[in-house]
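Worksheet: the structure to be examined is printed underneath.
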Amino acid sequence: TNSTSVRQLIGSCSSELSSSSRGAMGGDDGKSTASVASCSVNLTKNLIGAGIFSLPTALLRGSLFPGVCCMLFTGVVQGSSFVLIAFLCQQLNCSSYRGVFSAAFGKRAGDVVDVCIMTNSLFACVAYNILITDFLQKAMEGLFGWVDVPRPLVIWTLTLTITLPLSHARDLSVLRYTSMLGLAIIGFVFLYITSDFLGNLPTAKENLHKHAMRVDIGLFTTLALCTGAFQAHYNSPKFFKELGCDLQAHIRCVITSFGAAFCIYSLFAISGLGLFGDSLLGNVLKNYPVEGNYAVLMAWLGMAFAIVFTYPLVFTTGRESLIGLSPALQRASRSSPTLMHVATTSGPVAVIALVSCMVEDVSLITGLLGATIGACLCWIFPASVYLAVTAPPSGLQDASAPLLGRGPPLPASRVEGNPALRAYARGMVFVGFSSMAVGVSKTLGLF
């Protein structure tokens, strides 16, 4: 099976690592600063977020059984690539995703990773704006009877009064506690929808039977949405370091977290598809009526509150990546820090609000992010780095020049490759590019 093969490949990767030095990730004296259990909880929190509300749509596009199989396949492969990044950090003496990519392709190539992280963060904020507007529109209708409040009015009011001022804040440490609140609310929504599914089982069975089996190109949309759901790969080096650079502990953490995420995702997606069938919307909570449903009303308000305070945390990551990409912005930040802080905050936040006004379906944003940035960070980049650093010596004669033409020559030392893992990496690259091309086209409705 796919999962057995991946476990075997991970085992091979682990065996190779056992004879290597600890390097920059901690050396032989490297000690863990967190347990496998605590890292598993934190990684699961990283994986499970507001994107879960689009996963029932993933099954609607790909049908029940193929969709769940696609979700499992995505979780297994992306779990293995999460481990692969940690393995590469150890072998290449790197402590960040950017460092791994730079070690393989040259110093300037690391900018590619920063561009992906920046794009992912800023468009995640677009998705947050869309979700917050969805929830607030429903809540205002339920609380005050305000029907069809214009989305641009909600978005710009929210931006000018809350998200923009919060994004300007220098110290966001207090906002990290809101992530726990958001997780608790997502847990409440999960329990509500699954219990509603069980309470309406006869109708749900009909919907699931109708969408039980269909194999078509819609599976690429399912793959794109699932790719985004299992994406936390730029944090792999951080978790690896917290675990004392112990690959076996890292593997246990990944199996636990990705396994838990798959169970939660699949049950939630099946419940949403069963409840609403063909009428399912990109944000499953929008399917519930306003009248007389106080539990859902509280969920709308709670999710809007939690996402509002998560927005500046994600935005800050994108802004820092933007500044890191431009030496001119870095110089300006040193010479005029206040002015540059205002400019690099207000401008992007305004653009995010403008894009949010143009898109109503959050699954469009999450699908595009999964098909593009997710495919790069989770499939193509880790596999490409492994293939580059394990290439036979004869294939490295021209590889001493950096990918983008600048920077120092690449190091002569390379990692001894595993043939099976190299074949697996080639498959990841192929699936990554294929899902990107077809997923983007399908998500945009080009065919």
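Values for this structure:
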| quantity | calculated |
| --- | --- |
| Residues within region 130-146 that are under 15 Å from LEU285 (Cα atoms) and in contact (Cβ under 8 Å) with a residue 40 or more places away in the chain, tallied | 11 |
| Filter pass, THR366 being touching a residue at least 40 places away in the same chain (Cβ under 8 Å), among the β-branched types (Val, Ile, Thr), surrounded by fewer than 20 Cβ atoms within 10 Å (Cβ to Cβ) and closer than 27 Å to SER80 by Cα | no |
| Evaluation of LEU396 against (1) of a type outside the set (Phe, Trp, Tyr); (2) open to solvent by less than 60 Å² (accessible area, probe 1.4 Å); (3) modelled with pLDDT of 75 or more (one fails), failing number | (3) |
| Test: residue in region 245-265 that is touching a residue at least 60 places away in the same chain (Cβ under 8 Å) and in a loop (DSSP other than H, G, I, E, B) | yes |
| Considering residues of region 186-200 that are open to solvent by less than 100 Å² (accessible area, probe 1.4 Å) and without any contact (Cβ under 8 Å) to a residue 12 or more places away in the chain only, the residue nearest to GLY51 (Cα to Cα) | GLY187 |
| Residue list for region 163-180, filter: among the hydrophobic types (A, V, I, L, M, F, W, C), at pLDDT below 75 and open to solvent by 30 Å² or more (accessible area, probe 1.4 Å) | VAL174, MET180 |
| One residue from LEU219, LEU136, LEU183, LEU153 being of a type in the set (A, V, I, L, M, F, W, C) and open to solvent by 60 Å² or more (accessible area, probe 1.4 Å) | LEU153 |
| Count of region 93-110 residues which are open to solvent by 40 Å² or more (accessible area, probe 1.4 Å) and without any contact (Cβ under 8 Å) to a residue 60 or more places away in the chain | 1 |
| The listed residue being under 21 Å from the mean Cα position of the chain (by Cα), surrounded by fewer than 20 Cβ atoms within 10 Å (Cβ to Cβ) and either modelled with pLDDT of 90 or more or within 30 Å of LYS205 (Cβ to Cβ) (or both), out of THR317, THR256 | THR256 |
| The listed residue being open to solvent by less than 10 Å² (accessible area, probe 1.4 Å) and touching a Leu at 6+ places or on another chain (Cβ under 8 Å), out of ALA58, ALA34 | ALA58 |
| Hits in region 271-296 (condition: on the phi < 0 side of the Ramachandran plot and open to solvent by 40 Å² or more (accessible area, probe 1.4 Å)) | ASP278, SER279, LEU281, LYS286, PRO289, GLU291, TYR294 |
| Residue satisfying condition, being closer than 29 Å to SER434 by Cα and touching a Lys or Arg at 6+ places or on another chain (Cβ under 7 Å), within set PHE220, PHE268, PHE258 | PHE220 |
| Scope region 80-99; condition among the hydrophobic types (A, V, I, L, M, F, W, C) and assigned to a helix (DSSP H, G or I); matching residues | PHE82, VAL83, LEU84, ILE85, ALA86, PHE87, LEU88, CYS89, LEU92 |
| Hey, HIS211 open to solvent by less than 50 Å² (accessible area, probe 1.4 Å), touching a residue at least 24 places away in the same chain (Cβ under 8 Å) and over 24 Å from LEU369 (Cα atoms) or not | yes |
| Whichever residue in region 279-297 is in a helix (DSSP H, G or I) and touching a residue at least 12 places away in the same chain (Cβ under 8 Å) and, among such residues, is farthest from GLU206 (Cα to Cα) | LEU297 |
| Among (1) over 30 Å from VAL284 (Cβ atoms); (2) open to solvent by less than 40 Å² (accessible area, probe 1.4 Å) - the single one PRO337 does not satisfy | (2) |
| Every pair of residues 6+ apart whose Cβ atoms lie under 8 Å, when the first sits in region 147-167 and is within 16 Å of VAL359 (Cβ to Cβ) and in a helix (DSSP H, G or I) while the second is open to solvent by 20 Å² or more (accessible area, probe 1.4 Å) and polar (S, T, N, Q) | ARG151/GLN137; VAL154/GLN137 |
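The values are calculated or read from the model by the stated rules, or taken from the named source; none is laboratory data. Just so you know, these numbers come straight off a predicted model, no measurement behind them. Cβ: placed from backbone, ideal geometry, glycine included. Neighbour counts: every protein chain shown. Surface areas here come from the heavy atoms of the whole protein model, side chains and all, with no ligands, DNA or RNA. Shrake-Rupley method; radii C 1.70, N 1.55, O 1.52, S 1.80 Å.
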